[in-house]
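Some notes on the structure that comes next.
The values are calculated or read from the model by the stated rules, or taken from the named source; none is laboratory data. Quick caveat: nothing in here was measured; it's all calculated off a predicted structure. Here the Cβ positions follow ideal geometry from the backbone for every residue, glycine too, while neighbour counts run over all protein chains shown. Heavy atoms of the whole protein, side chains included, go into the accessibility calculation; ligands, DNA and RNA do not. Shrake-Rupley method; radii C 1.70, N 1.55, O 1.52, S 1.80 Å.
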Amino acid sequence: MLIAQLTDLHVTTPDRRSLGGADPIRRALAAARWLRALETPPDLVLLTGDNVQRGDAAEYAELLRVFADLPFRVLALPGNHDARDPLRAAAAPLGWVPADGDFLHQALTLDGLRVVLLDSLDPGNIGGRLCDARLDWLAEQLESRRGAPVLLALHHPPFDCGIEGLDAHGLQGRERLAELAAGHGGVVAALSGHLHRALACWWAGTCAFSAPSAGRQFALSLAPGAEPDWSDDPPAAALHWWRPDRGLVSHVVNIPQD
């Protein structure tokens, strides 16, 4: 089974720009072309948040214009730049997000792997939050899959990356998230975005992976007090290859541009 992960597209309307002046619609179109051209079609496309820049209906209309006709199953998560109600209004008819509920988390099973999407959006909070209600839901999901493999996905990474300007806005609730993941024993990885960089670390007895942005990357600076700044690294995505007898392998792939 193959899962394609796109994150941090920050799509705008044609009259606006984001990503430090780059054209996010053009880069989203490039990502859609890349998906269609994959030699092995993905069984699932995960959009792990910051799908648009301001979270309004016009931007979601642009997002759907680019991705709605993909011949693959698509599931979407909100990031801190998203807004639940406009995202739901646009994407629920396509099955990307749930049609009701307080949050946009959901779960499905593919090839024996339980994929659990966690809504970490906390409006006004850059770093996101997992409240007790969301973590209780996750606890139920994990308990129902005791002894079976689980893949977690959320927008905000549950770890520090070393870039102080990003780490200053860490995910709230990540301590209990780590406890739940470690206690289950079958979490194969936790996928996230938000950092606009590809990186991985050992977390809660498993791998935590942050995918690069399909829009634009942040530069790496581990100097004290460093704030995120744009780099010239190319837009990229992740491909997660799963086999029950081999586990999960994650690849980072640059997205060709025009």
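Here are some notes:
- Against the test of being in a strand (DSSP E or B), open to solvent by less than 10 Å² (accessible area, probe 1.4 Å) and of a type in the set (A, V, I, L, M, F, W, C), the options 76, 107, 91 yield a single qualifying residue, 76.
- Residues that are closer than 20 Å to residue 71 by Cβ and in a loop (DSSP other than H, G, I, E, B) within segment 1-48 comprise 1, 9, 38, 39, 40, 41, 42, 43, listed in sequence order.
- Count of residues meeting criterion [surrounded by fewer than 16 Cβ atoms within 10 Å (Cβ to Cβ) and touching a residue at least 40 places away in the same chain (Cβ under 8 Å)] in segment 157-167: 2
- Residue within segment 131-138 that is of a type in the set (Asp, Glu), surrounded by 14 or more Cβ atoms within 10 Å (Cβ to Cβ) and over 29 Å from residue 42 (Cα atoms) present: no
- Qualifying residue in segment 46-61 (condition: open to solvent by less than 10 Å² (accessible area, probe 1.4 Å), over 25 Å from residue 190 (Cβ atoms) and either out of contact with any Cys (no Cβ under 6 Å at 6 or more places or on another chain) or small (Gly, Ala, Ser) (or both)): yes
- Residues in segment 147-156 include none that are open to solvent by 60 Å² or more (accessible area, probe 1.4 Å), in contact with a Pro (Cβ under 7 Å, 6 or more places away or on another chain) and under 23 Å from residue 67 (Cβ atoms).
- Restricting attention to segment 131-158, the residues being more than 15 Å from the chain's Cα centre (by Cα) and not small (Gly, Ala, Ser) number 15.
- Tally of residues being out of contact with any strand residue (DSSP E or B) (no Cβ under 7 Å at 6 or more places or on another chain) and either within 17 Å of residue 252 (Cα to Cα) or of a type in the set (A, V, I, L, M, F, W, C) (or both) across segment 214-228: 6
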